[in-house]
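J.: What follows is a single structure, and I will ask about it in a moment.
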Amino acid sequence: MKDALAASAPQAVDARVYHDLEIFAEEQLRIFRGPVWVYVALEAELDGPGAFKSTFVGDTPVVVTRDGDGALHAWVNRCAHKGALVCRTPRGRATDGSFVCVYHQWAYDAQGNLRGVPFRRGLKGIGGMAQEFDLTQHGLQKLRVATLCGMVFLSFDEKAPPLEQFLGEAMCHYIRRVFNRPVRVLGYARQNMRGNWKLYSENSRDGYHGGLLHLFYPTFGIYRPSQESAGEVDEVGFHNAFTVSKPSQQDGYESYQREANREMSGATAGAEMLHDPSVLAFRPEFDDNIALLIQSLFPSVVLQQIQNTLATRQIVTRGVDETELVWTYFGYADDDEAMTRHRIRNINLVGPAGYISMEDGEAVELCQQGTAGTEGWKSFVEMGGDGLVPRVEPIGLDENAVRGFWKGYLSLMKGAAEVLP
Ligand code: FES
Ligand SMILES: [Fe+2]
């Protein structure tokens with residue numbers, strides 16, 4: 001399948017990359033277990049000694065823990081004995097600091113070191129491990145951990161550059177902006193998409209579809225193409241940040257609707273269509289007037305501020321044609337109750353059934369289905385040119401960041417074309 005990769009360019013991608021199992025396996029190796037940093041958690045989810053979260057890097061099960069001294073650790077969730085999942089709950093607290101595999105009770109500490117093996121010395125001289133069996137040689141596979149402003153990232157690869165260097169200054173700026181003070185997790189949503197993970201990675205970098213697919217945006221005055229907005233990509237193209245500013249003057253839903261290319265069925269009266277228009281309310285809380293920030297960090301997380309909805313969307317690869325998106329919603333630790341209620345109400349805009357995001361899962365599935373069985377068919381990603389520029393203004397009229405994703409992706413997958421059949 002190497003020709004599918006070799007034939008692909010950032011502006012024209014061979015659709016077999018969404019379907020091929022060998023390419024999927026190479027991605028796990030070269031991308032998810034390669035020289036990158038993969039987002040897995042918020043530090044706020046790991047509050048206090050013994051806290052843990054089990055999750056995935058690509059399709060590899062991993063666990064992030066906090067030890068008794070408050071330090072973070074991570075390991076592959078695969079028992080060193082026979083490979084069983086050691087940690088079987090999504091989140092929790094190991095009160096005695098140990099993680100015990102249910103199968104034969106091998107016990108590990110928060111750092112992933114093996115601490116105990118039942119019947120290690122046998123019983124009455126029978127059985128047991130060899131005398132030279134060394135606990136230190138049978139721990140869990142440990143991963144690198146790095147954090148930025150409370151976002152936790154893991155890496156399998158010693159060659160991954162320092163996290164801030166990997167993300168680049170522009171992306172770090174927007175991360176610092178959102179995480180300007182301690183946050184508190186409000187809840188989760190999980191979304192299963194029957195499509196390849198890269199279709200979602202493209203989707204979150206695709207400003208072109210925003211006002212066209214998601215009719216809630218123009219119908220209810222949240223976004224229109226003429227609004228002040230910008231898109232920034234890092235040098236390699238891996239990462240992207242879209243920002244849309246709040247209009248300086250509210251000029252009515254009608255003016256947004258005039259710019260929409262089609263009408264949401266039945267929605268002619270803007271907010272009056274809604275029984276509770278408070279879902280649309282935006283309470284500015286940053287000094288830069290940005291009402292919408294969608295930041296896609298390679299390979300597998302989106303950090304968003306959509307009005308007052310703050311969330312990470314973690315992409316988990318469940319298979320070549322199946323992707324899970326885990327939404328973690330949060331607010332600030334110092335939010336009062338009214339603000340927390342407002343954020344939770346605002347969450348109706350996003351998530352698997354969100355007014356402005358429910359169509360994305362469907363778009364992913366449509367592309368997966370439409371590209372099945374192709375032999376050398378390529379996408380056409382030339383909106384706004386065929387190259388990559390660091391910044392576009394406004395968004396919505398180009399596919400710059402989608403080309404950026406493919407440029408980054410292909411740079412990591414270069415070697416795969418040589419080893420695949
Ligand atoms: S598989 Fe974990 S102890 Fe045997
Ligand atoms: Fe979308």
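Bear in mind that the values in this text are calculations on the coordinates, not laboratory data. Small disclaimer: the values here were computed from a predicted structure and weren't measured. Cβ: placed from backbone, ideal geometry, glycine included. Neighbour counts: every protein chain shown.
J.: For a Förster distance of 41 Å, can you work out the FRET efficiency between the beta-carbons of Phe380 and Asp47, rounded to the nearest 0.05?
T.: Working: r = 47 Å, r/R0 = 1.15.
With a Förster radius of 41 Å, E is 0.30.
J.: What are the residues whose amide H is under 5 Å from the amide H of Val57, where those residues sit 5 or more places off or on another chain and H is modelled from the backbone?
T.: Val62
J.: Name the most mobile residue of Arg120, Arg33, Arg345, meaning the one with the largest mean-square fluctuation, in a Gaussian network model of the chain with Cα contacts below 10 Å.
T.: Arg120
J.: Convex hull over the Cα atoms of region 1-126, averaged projected area in nm²?
T.: Details: hull surface 44.9 nm².
With the hull built on Cα positions only, its mean projection is 11.2 nm².
J.: For the chain, set up a Gaussian network in which alpha carbons nearer than 10 Å are linked by springs, and say which option among Lys198, Lys159, Lys53 fluctuates the most.
T.: Lys159
J.: Shifting gears a bit: Quick test of your reading: applying the under-4.7 Å Cβ rule, which cysteines of the chain are isolated?
T.: Cys87, Cys149, Cys172, Cys367
J.: I've got another one for you. Which ³J(HN,Hα) values in Hz, rounded to whole numbers, follow from the phi angles of region 146-151 under the Karplus curve 6.51 cos²θ - 1.76 cosθ + 1.60, where θ = phi - 60° and Gly and Pro get x?
T.: 9, 10, 9, 6, x, 8
J.: How big is D, in µm² s⁻¹, for the chain by Stokes-Einstein at 37 °C and 0.692 mPa s if Rh is the Kirkwood radius over C-alpha pairs?
T.: Rounded, D is 143 µm²/s.
J.: Pop out the Kirkwood hydrodynamic radius of region 10-74 from its pairwise C-alpha distances, inverse of mean 1/r, in Å to one decimal.
T.: Details: mean 1/r = 0.0716 Å⁻¹.
Computed over Cα pairs of region 10-74, the Kirkwood hydrodynamic radius comes out at 14.0 Å.
J.: Find the centroid of the Cα atoms in region 1-72 and in region 279-305, then give the distance between the two in whole Å.
T.: Between the Cα centre of region 1-72 and that of region 279-305, the gap is 23 Å.
J.: Which GluC sites (Glu not before Pro) does region 268-356 hold that lie in a coil by DSSP with at most 15 other beta carbons within 10 Å?
T.: Working: sites: Glu272, Glu285, Glu322, Glu324, Glu337; in loops: Glu285.
Counting only loop positions with at most 15 other Cβ atoms within 10 Å, the GluC sites (Glu not before Pro) in region 268-356 are Glu285.
J.: Using amide H atoms built 1.01 Å from N in the peptide plane, name the residues 5+ places from Gly50, or on other chains, whose amide H lies under 5 Å from its own.
T.: Under 5 Å from the amide H of Gly50 lie the amide H atoms of Arg66, Asp67, Gly68, each far enough along the sequence or on another chain.
J.: Convex hull volume of the Cα atoms in region 308-421, per residue, in Å³?
T.: Details: hull volume 20.5 nm³, N = 114.
Convex hull of Cα atoms, per residue: 180 Å³.
J.: Collect residues whose amide H, placed 1.01 Å from N in the peptide plane, falls under 5 Å from the amide H of Ala84; neighbours closer than 5 in sequence don't count.
T.: Result for Ala84 returns Cys79.
J.: Here's another thing I want to ask about it. At a Cα cut-off below 19 Å, give the lysines reachable from Lys82, other chains included and same-chain residues fewer than 8 away excluded.
T.: Qualifying lysines at Cα under 19 Å: Lys142.
J.: Can I ask one more? State the answer as a single residue: which of Gly50, Gly319, Gly34 lies farthest towards the positive end of the charge dipole of the chain, with beta carbon charges of +1 for Lys and Arg and -1 for Asp and Glu, about the Cα centre.
T.: Gly50
J.: Just to be sure I understand the model, the point goes 7 Å from the Cα along the line to the Cβ. What's the resulting Leu397 to Ser98 distance in nm?
T.: A separation of 6.5 nm, rounded to one decimal place.
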